[in-house]
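First up is the structure itself, then whatever we jot down about it.
Every read-out reported here was derived from the displayed coordinates using simple, explicitly stated rules and does not represent laboratory data. Just so you know, these numbers come straight off a predicted model, no measurement behind them. Neighbour counts run over all protein chains shown; Cβ positions are idealised from the backbone, glycine included.
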Ligand code: GAR
């Protein structure tokens, strides 16, 4: 079982997934990221995992990245804080084989521009009493694919940064296990 992780930032979820699957038959074979200075490249290096910088050219306007995944015999693609929309050539090539984590309880607080702290600020503004994580399959629209798993936390009277802390704890606890569970049914 070979996984490619796509990320755009610090990569704490990527690091946690790598750690979880160490010394198992599940291999994290590739890390791909669209930001040259993102922390996730260092995580790839520290774990001796190949990494690729994604560009408009190789990701959005050609089949280069899809070909790369196929050549590497990748079985499953994980979006761990990845902020670009997944192009339809990739969605089609990996139908029901791309999983995203979203830091809120979809279908609320999803869509374009809803990522990272913007999500937690919106949840705070809306005075929600609970927030959480949604792990879902990826289709051509932001945050619209089939929901696989959700976990909730009470966020009543929490600031946006307190909400973020609670949601991040849920991500660390549940994301690798949800991936493992999905793989067991593949
Ligand atoms: C995570 O909280 C993830 O849920 C979120 O970005 C963060 C990435 O952190 N993803 C989205 O907002 C997607 N719309 P990380 O780089 O430390 O894993």
Point to revise | Gain upon complete extension [residue 95, residue 37; 0.36 nm per residue less C-alpha separation] | key: 17.9 nm
Exercise for review: Evaluate the distance, in nm, between pseudo-label points positioned 7 Å from the Cα of residue 70 and of residue 117 along their respective Cα→Cβ axes.
Suggested key: 4.1
Point to revise | Mean shadow area of the stretch 1-42 over all directions, Cα convex hull, nm² | key: 2.7
Study note, to complete from the structure: Rounded to whole angstroms and listed largest first, the alpha-carbon spread of the stretch 122-186 along its three principal axes comes to 41, 26, 14
Review point. Taking 0.36 nm per residue of separation and subtracting the Cα-Cα distance, what length does fully extending residue 53 through residue 129 add?
Key: 23.5 nm
Exercise for review: Averaging sequence separations of C-alpha pairs under 8 Å and six or more residues apart, then dividing by the length of the chain, give the relative contact order as a whole percent.
Suggested key: 19
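For residue 10 and residue 161, FRET efficiency with R0 = 22 Å and r from the beta-carbon atoms, rounded to 0.05?
Numbers: r = 15 Å, r/R0 = 0.70.
The pair residue 161/residue 10 has a calculated efficiency of 0.90.
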Check your understanding: Rounded to the nearest 0.05, what FRET efficiency do residue 61 and residue 144 have when you use their Cβ-Cβ distance and R0 = 25 Å?
Key -> 0.65
Check your understanding: Between residue 168 and residue 46, what FRET efficiency follows from the Cβ-Cβ distance if R0 is 30 Å, with the result rounded to 0.05?
Key -> 0.90
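How big is the Cα convex hull of the stretch 87-126 in projection, averaged over all directions, in nm²?
Across all orientations, the stretch 87-126 yields a mean hull projection of 3.3 nm².
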Revision key, fill the gap. Taking only the alpha-carbon positions of the chain as identical scatterers, the Debye log10 I(q)/I(0) at q = 0.09 Å⁻¹ comes out as -0.30
Practice item. Provide the percentage of antiparallel DSSP beta bridges, counting only those with both residues in the chain; round to the nearest 5. Key: 40
